[in-house]
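Only one structure is covered here, and it is reproduced in the block below.
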Amino acid sequence: MNFTRLWLLNLVWFLPFLIFLLIVAGRKRSQALDGFADNDLLLRLCIPESRARRVVKTIFLLAAMGLMIFSLAGPRWGERFQEVTQRGVDIMICMDVSTSMMVEDIKPNRLGRAKWEVMDLIKVIRGDRIGLVAFAGRAFLHCPLTLDYNALLMFLDQLSPDLIPVYGTDLGDAIDTACASFDKKSNTDKVILLITDGEDNEKHGLSAAQRAGDDGVRIFVFGIGDPTGGPVPQMGKGGFEKDDGGKLVLSKLDEQTLTDIARASGGVYVRSIEGDMDLDRLYFDGIQKKTEARTLKSGKIKVFEERFYLFLTAAFVLLLLEGLFDERLFQKRAD
């Protein structure tokens, strides 16, 4: 036997407390009756109660509560094998971690907002394999395709501009790295979810997107930032980046480049708007509508038989008996 919620068995410690409450309530009831009338008058006014029957009723009640707690813990025994199939698509998230992603034109900053959006997305995804590519001036596979979303969240939390020491933003390398990370032998629909502010310093993004489209990989782009831009912070130094003329370096969301990249591969571009579930909409209205879910994993799993209903039924019977059992049954009124 095992339990699905073993910790609920700790509620059994509530039963001694309940016994204490019942004893206190019984004594207060007796004291109230004693104050109402003497014993001879009570025998004439009320049918006397049987202490033994009262104890039996209490036992019925406590046993029923104990069985209900046992039922809530989810007892299981016996097992069977169940055929399971998991269907979905392969999604490689390409996350920009360049210094421009630290611009605070959206709160808390572009990278922080992107992480929040991905975490919300993972909560609604069911069945898709997801991987993670981090990129700045270079790109690398941070987490391979997996169905373990908790592991992916751990890798997502590690993303920061310090992760990649190469300055700049190379969208082409990010797309090429993501394409190379897919399983070439799988016929599953393949998707790249590119999350960036669109500053393609190397200008290879569009050509890489065209190659990806030729290989059947769709790129869905999620733009992070404001088209009017914001100053780029100096990492580890404080203040903001300045050009050779001493002017602040502004990082602006390049929507035109990102739109062209999405169109080149048959994907969709969406810009993040504060307070809106943009990435969720991109997933449901874009990825799911333009791709076909295929079998990613199938096999048999061992399933334990749930037996909670046996104890719940027994608890119901005991409560029924407790209600029907009269502690004054067969007692005669004193004359």
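Coordinate-derived values only; no laboratory data. Being a predicted model, the structure only gives us computed values, none of them experimental. Because the Cβ atoms are built from the backbone with ideal geometry, glycine has one as well, and the counts that use them run over all protein chains shown.
Under 16 Å from the 7 Å Cα→Cβ point of LEU310, by amide nitrogen: which residues of region 1-21?
1-4
Cut-off is 10 Å between beta-carbons; in what order do HIS204, HIS142 appear when sorted fewest neighbours first?
In order of increasing Cβ crowding within 10 Å: HIS204, HIS142.
Could you calculate the contour length gain from MET154 to LYS185, that is, 0.36 nm times the residue separation minus the distance between their Cα atoms, to one decimal place in nm?
Difference between extended and current length: 8.4 nm.
Under the 0.36 nm per residue contour assumption, what length would be gained going from the current alpha-carbon distance of ALA32 and LEU15 to full extension?
My answer for the length gained is 3.6 nm.
For all pairs of alpha-carbon atoms in region 85-297, what percent lies in each bin of width 5 Å, listed from the first bin to the last filled one?
Percent of pairs per bin, in order: 1, 8, 16, 21, 22, 16, 9, 4, 2, 1, 0, 0, 0.
Mind pulling the angle between the C-alpha long axis of helix 255-264 and the longest principal axis of the chain? Nearest 10 degrees, somewhere in 0 to 90.
Computed tilt is about 90 degrees.
For LEU8 paired with LEU320, estimate the spin-label separation in nm (one decimal), with each label point 7 Å from Cα along the Cα-to-Cβ line.
Taking the simple label geometry, LEU8 and LEU320 are separated by 2.2 nm.
Count the DSSP beta bridges whose two residues both fall in the chain, then state the antiparallel fraction as a percent rounded to the nearest 5.
The antiparallel fraction comes to roughly 50 percent.
Pulled fully out, how much extra length does the chain show between THR228 and TRP77, if you take 0.36 nm times their separation in residues and subtract their Cα-Cα distance?
Difference between extended and current length: 48.1 nm.
With unit charges on the beta carbon (Lys/Arg positive, Asp/Glu negative), name the residue among PHE220, SER251, GLY198 whose Cα is farthest towards the positive pole of the charge dipole of region 85-297.
So the residue we want is PHE220.
Using a Debye calculation, one point per C-alpha and no hydration shell, please list log10 I(q)/I(0) for region 76-177 at q = 0.18 Å⁻¹ in order.
-0.86
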